[in-house]
Amino acid sequence: YARSFDARRPFTLEYRLKRHDGIYRHVLDNGVPRFDEDGAFLGYIGSAVDITELRRAEEHAVQQRTELAHLSRVTMLGELSGSLAHELNQPLTSILSNAQAAQRFLAHDDVDLGELREILTDIVAEDKRAGEVIQRLRLLFKKGEVQQQRLDLNVVVQDVLKLVHSDLINQSVAVETRLAPALPPIHADRVQMQQVLLNLIVNACDAMSHTRAADRKIVVCTQAPNGHAGDGDPPDGDGSVSLSVADRGCGISAERMENMFEPFVTTKPHGMGLGLAVCRTIISAHGGRLWATNNNNGGGACFHIALPADVPVPQGAGSYP
Ligand code: ADP
């Protein structure tokens with residue numbers, strides 16, 4: 001306030017004020033300097049508005065968005081649970097057969113210790129694999145605070161593909177990844193980014209249910225700012241890190257192109273129509289954009305995400321001399 005006042009500049013301030021009864025209220029304060037015809041300063045004219053309710057409503061909206069994102073994530077994981085169980089069963093089955101083999105070895109008099117050591121190494125590796133699957137799942141089921149951190153989108157892609165690995169095999173869907181080397185990090189919540197990508201991949205699989213099994217394919221690309229990715233993708237000139245998920249499914253009709261991002265818009269018999277709405281909310285909350293196009297060659301749709309790169313502030317920037 002003092003800085004603006006001394007410079008006779010307009011100001012906008014937001015602060016808490018303790019009322020006579022000891023209760024704090026949020027206040028939005030605007031001031032504009034007034035001058036007479038000769039330019040002499042006459043003081044300020046302004047307003048002080050109590051915005052406590054507005055702040056509360058905003059906080060409530062953020063909380064509800066987080067709840068909705070969590071709900072839709074859990075629903076989606078419910079749909080995937082069959083293949084997730086399979087993902088866990090694989091290492092467990094392998095551990096069991098390795099342990100049984102070890103028991104058989106031990107029943108003999110001349111135990112081959114080298115062989116036994118190999119079996120134990122396998123058991124440890126498989127156990128770690130099962131542990132990692134559980135770890136990835138726990139993270140997604142957890143109802144945590146949104147935690148923004150520096151993230152490598154390529155790692156997010158790899159983690160999500162591990163999670164849907166057997167689901168894709170069950171549906172005969174091939175995946176190709178074109179991950180940009182030296183991708184700058186983004187500033188984002190890991191779980192929410194995984195959720196968005198998971199959703200786009202699940203949708204891509206759904207869209208290909210009528211595609212010939214041999215033609216079912218998803219291409220996941222990441223692209224550094226100003227880089228070039230897959231065919232037909234324009235280079236992104238706005239300093240954003242981008243990610244795209246292309247499928248060979250039914251594509252998107254002109255009328256659905258925008259309204260599919262609205263909540264409860266679905267063409268699936270058991271769909272909720274929340275996936276894309278939640279994805280767009282998440283990406284917008286991260287300062288990014290999510291949109292869709294139809295592919296030129298081969299048909300199908302492509303979903304694009306652009307997120308601001310987390311560029312480190314150069315040393316000394318923003319500090320006072
Ligand atoms: P849901 O999957 O429950 O229907 P979404 O919000 O994720 O909810 O998707 C909304 C609709 O957008 C889908 O029902 C479908 O019609 C359309 N859609 C989403 N992804 C694709 C895609 N990859 N190809 C074609 N249509 C899609």
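We did not get these values from a lab; they are worked out from the coordinates using the rules stated. All values derive from a computational prediction rather than experimental measurement. Glycine gets a Cβ as well: all are built from the backbone with ideal geometry, and neighbour counts include every protein chain shown.
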- Message: Quick check on the chain: helices-only [θ] at 222 nm, where DSSP H runs of length 4 and up contribute -39,500 (n - 2.57) each and the sum goes over total residues. Nearest 500, please.
- Response: -15500 deg cm²/dmol
- Show the residues, 5+ positions off or on another chain, whose built amide H is closer than 5 Å to the amide H of Arg8. none
- Query: Using alpha carbons only, what's the Rg to Rh ratio of the chain with Rh from Kirkwood?
  - Reply: 1.13
- With charges set only on the Cβ (+1 for Lys and Arg, -1 for Asp and Glu), what does the dipole of the range 1-107 come to about its Cα centre, in debye to the nearest 20? 420 debye
- Message: Just to confirm the number: angle between the C-alpha axis of helix 190-207 and the first principal axis of the chain, 0 to 90 degrees, nearest 10?
- Response: 60 degrees
- Among the lysines, which have Cα under 24 Å from the Cα of Lys128 when same-chain residues fewer than 8 positions away are ignored? Lys142, Lys162
- Can you give the angle from 0 to 90° between the axis of helix 275-285 and the longest principal axis of the chain, with both taken from C-alpha atoms, to the nearest 10? 50 degrees
- Query: Relative to the first principal axis of the alpha-carbon coordinates of the chain, what is the inclination of helix 153-170, with its axis defined by its Cα atoms, in degrees from 0 to 90 and to the nearest 10?
  - Reply: 40 degrees
- Note on the structure: At the level of C-alpha centres, the distance separating the range 9-58 and the range 169-195, in angstrom, is 46 Å
- 3J(HN,Hα) from dihedral phi, the range 254-267, Karplus parametrisation 6.51/-1.76/1.60, rounded to Hz, x for glycine, proline: 4, 5, 7, 3, 9, 6, 5, 7, 6, x, 6, 9, 8, 10
- Item | Two-site FRET efficiency, Leu17 against Leu42, from Cβ-Cβ distance with R₀ of 30 Å, rounded to 0.05 | 0.70
- Toy charge model, Lys and Arg Cβ at +1, Asp and Glu Cβ at -1: the chain dipole around Cα centroid in debye, rounded to 20, equals 600 debye
- Based on the Cβ-Cβ distance of Ala182 and Asn296, what FRET efficiency does E = 1/(1 + (r/R0)^6) give at R0 = 25 Å, to the nearest 0.05? 0.35
